[in-house]
1. Please report the antiparallel percentage of DSSP beta bridges with both residues in region 59-213, rounded to the nearest 5.
2. Among T176, T129, T49, T16, rank each residue by its count of other Cβ atoms within 10 Å, from fewest to most, as a rough exposure measure.
3. Compute the angle between helix 166-178 and the longest alpha-carbon principal axis of the chain, please, reported from 0 to 90 degrees and rounded to the nearest 10.
4. Say R0 is 30 Å: what FRET efficiency, to the nearest 0.05, do K289 and M201 get from their beta-carbon distance?
5. For D67 and R170 in the same chain, what is the full-extension length gain: residue separation times 0.36 nm, less their Cα-Cα distance, in nm?
6. Can you run phi through the Karplus equation (6.51, -1.76, 1.60; θ = phi - 60°) for region 275-286 and list ³J(HN,Hα) in whole Hz, with x for Gly and Pro?
7. Rounded to whole Hz and in sequence order, give me ³J(HN,Hα) for region 142-159 from the Karplus expression 6.51 cos²θ - 1.76 cosθ + 1.60, θ = phi - 60°, writing x for Gly and Pro.
8. Can you give the longest stretch of the chain with no exposed loop site, where a site means trypsin sites (Lys or Arg not before Pro) in a DSSP loop (not H, G, I, E or B) with at most 15 other C-beta atoms within 10 Å?
Amino acid sequence: MSNIIGKIKKIGVIGTGTMGNGIAQVFAGIGYDVLMIDIKQEFLDRARTSIDRSLQMMVKKEKITTDDARAVTNRLSMSVNLKDARDCDFVVEAVSENHEIKLDVHKRLGEILRPEVVIGTNTSSISITMLAKASGRPERFIGMHFMNPVPVMKLVEVIRGMDTSDETYRITRELTEKLEKVPVEVNDSPGFVSNRVLLPMLNEAISCIHEGIAGPVEVDNVMKFGMAHPMGPIQLADFIGLDICLAIMNVLYDGFKDSKYRPCPLLVKMVEAGHLGDKTGKGFYTWEKHKVTGVHYNG
């Protein structure tokens, strides 16, 4: 372990939605003090509730003890002021997958944080090089793409921007391994590897529904029982969020200018209607407490 890793005591997590609160939980779970920052107290309270629920589930499954869960909770602090990140030794940004919002956050972080602090972004598709430039410290900037749900999934894509230094990569890789995750080095490209492979499959599955070839359950059953997928692509799209799926498809389409990445019209229509999946309670399926309760879209 490098000397720099040993000096990292406090982690900042900017944005506390599904990914952010999971990232905060895993860092606190290995002993780091974690400062969770968001724009509204209600978002922070919701994140704290989600983390508590996740920890209680782990206690129930006997993966951790009640004392372990209490210790994790005690390591978490919250703020609605980005300037409070100034005392953090490593920062992971996990705000909405929106160019303008992320660019603004990284410009401000670059001005707030100490020069040696590495900024990681959990973007699922936006250019690392572009965000790095906004931070004013491109050599200390890197992609750190966790998978959902963060406490469970092992993969972290570690994505170099054009100017990311070798030292920044080493620090991030070591930190990822300390989390007991599997870091996979990836170069900056639209969608990286995970979403460049996954999202076109989800988009094509939605196209099968759009064209009347099969319904959501049938498409999912083909992939679950024929291809051994643990979750069908339509259910997975709902779980990720259809708005997120559309945003990533648009990044791929804009980035490569290739028609194979054109978002399915039905995906666009579902997002326009506000039927986003798990997060809104209905997408292609109906959802309650993160579980499918029925089929919502029947063509």
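1. DSSP beta bridges in region 59-213 are roughly 30 percent antiparallel.
2. By the 10 Å Cβ count, ascending: T49, T129, T176, T16.
3. Tilt relative to the chain: about 70 degrees.
4. Rounded to the nearest 0.05, the efficiency is 0.65.
5. So the extension gain works out to 33.8 nm.
6. The phi angles translate into 8, 9, x, 3, 5, 10, x, 7, x, 6, 10, 9 Hz.
7. Those phi angles translate into 7, x, 9, 8, 7, 9, 9, x, 4, x, 9, 6, 8, 6, 9, 6, 9, 10 Hz.
8. The answer is 155-256.
Any read-out appearing in this document is the output of simple, stated calculations on the displayed coordinates, not a laboratory observation. Just so we're clear, the structure is a prediction, and the values are computed from it rather than from any experiment. In this analysis, Cβ positions are derived from the backbone assuming ideal geometry, glycine residues included, and neighbour counts consider all displayed protein chains.
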